[in-house]
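Heads up, the thing below is written out as C-alpha cells.
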Amino acid sequence: MTLRWPGSSHPEDDFEAWIAQRHQERVLDGSTTPTDPCPDEPFLKGLARKSKQIALSDPRVHHAANCPTCMRRLLALRPAYEARRRRLVLTAAVACCCLIFAAFVVLARRGAETPRQIANMAPIQQTVDLWNAGTLRNGQPSPLQSVTLPAALVKVTIILPHFSESGQYDVAVTRDQAGHDLLAHGSATATGNGDREEVSVNLDLRNSRPGSYFLSTTHEQNQASYYYPLQIR
Ligand SMILES: [Zn+2]
C-alpha cells in the first residue's frame, strides 16, 4: 500500500489522504493487529520523516501501517519533523526574500545611475572668460588665467580676449603648450556684437584624467594660437 498522511498540500492527493485517514482510524481502533514484533525507533523515525532509504516493500512498513502502537509513535514523531520541515521552508523563504531584496537594491542603484549616465551624455555648460587675458596692466601683461573644466562632455563658451577677430576658431585641449597630445578639439564660428566675440564648442573630456593641460584657441585664417593653462578636475 502507499502511505499517505492527512493534510497533504496537493489537492489531487485528497482522496488518498482520506483513505489513509480511514485506515489510520481503523488501525488506532485496534481493528488490525499485526503479530510480528514492532520495528525499532530509528526505523520509525526514518518512516516519520519519509526517508528515501526505506523501501515501501519493507515488511516493517506494512507492520507500522497496521500496528496501533507503531501508528501512535509515528503520529507523535511526525509533528517534530513537520515543524523542522516548516522551519527549513521558512529559512529558504527568508533566504529567497533576502536575495530578492538584494536584487532590488542592485536594480534600484542601477536605476539611479541611469539618469546620471544620461545627464553625462548632455554636455555640461561652461563659460570661460578670456576677455582680460593677455591685456596690458600697468605696462605688464596680465598673468594667464587658469581655466578649470570637468572631465565630462562640456559645451564650452569662450569669451575671446579683447580685440579678437571674428571668424572661424579651433578650440583644443592639449597636454602641453606646443599642441602635443590632443585630448579634444572643436571648431566654430565666433559670434559677437561689437568687439566682444564668443565661440562655443563641444569638448569631450570624459576620458581625460584630472590634471594640468592647456586650452588653445586658433584663428583658422591667420593661424594665430593662444594657449591658456587648463585644469581638468
Ligand atoms: Zn508495531
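Structure notes:
- Filter result for Cys70 (surrounded by 10 or more Cβ atoms within 10 Å (Cβ to Cβ), at pLDDT below 80 and either assigned to a helix (DSSP H, G or I) or not assigned by TED's automatic domain parsing to the domain that holds Leu44 (or both)): no
- Qualifying residue in region 58-66 (condition: outside any loop (DSSP other than H, G, I, E, B) and surrounded by fewer than 14 Cβ atoms within 10 Å (Cβ to Cβ)): yes
- Of the residues making up region 174-198, those that are touching an Asp or Glu at 6+ places or on another chain (Cβ under 9 Å), in contact (Cβ under 8 Å) with a residue 24 or more places away in the chain, within 17 Å of His219 (Cα to Cα) and not in a loop (DSSP other than H, G, I, E, B) are Thr174, Ala184, Ser187, Gly192, Glu197.
- Of the strands (runs of 3 or more DSSP E) lying entirely inside region 90-172, those containing at least 3 residues that are at pLDDT 90 or above are 124-129, 153-159.
- When Ser57 is tested against (1) among the hydroxyl-bearing types (Ser, Thr, Tyr); (2) closer than 30 Å to Tyr228 by Cα; (3) modelled with pLDDT of 80 or more, exactly one condition is not met: (2).
- Selection count where residues are exposed (fewer than 14 other Cβ atoms within 10 Å of the Cβ) and among the small types (Gly, Ala, Ser), scope region 146-186: 3
- Within region 11-57, the residues that satisfy the criterion of being surrounded by 13 or more Cβ atoms within 10 Å (Cβ to Cβ), not hydroxyl-bearing (Ser, Thr, Tyr) and not in a helix (DSSP H, G or I) are Pro34, Cys38, Pro39, Arg49, Ile54.
- Scanning region 12-45 for residues that are more than 12 Å from the ligand (Cβ to nearest atom) and modelled with pLDDT of 90 or more yields a total of 2.
Rundown of residues vs (1) on the phi < 0 side of the Ramachandran plot; (2) among the aromatic types (Phe, Trp, Tyr); (3) more than 13 Å from the ligand (Cβ to nearest atom); (4) under 53 Å from the mean Cα position of the chain (by Cα), yes/no style:
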site: Leu47; (1), (2), (3), (4): yes, no, no, yes
site: Pro59; (1), (2), (3), (4): yes, no, no, no
site: Leu77; (1), (2), (3), (4): yes, no, yes, yes
site: Ala80; (1), (2), (3), (4): yes, no, yes, yes
site: Ala83; (1), (2), (3), (4): yes, no, yes, yes
site: Ala92; (1), (2), (3), (4): yes, no, yes, yes
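The values are calculated or read from the model by the stated rules, or taken from the named source; none is laboratory data. Note that the coordinates shown come from a computational prediction; the quantities given were computed from them, not determined experimentally. Methodologically, a virtual Cβ is constructed for each residue, glycine included, from the backbone with ideal geometry; neighbour enumeration extends over all protein chains shown.
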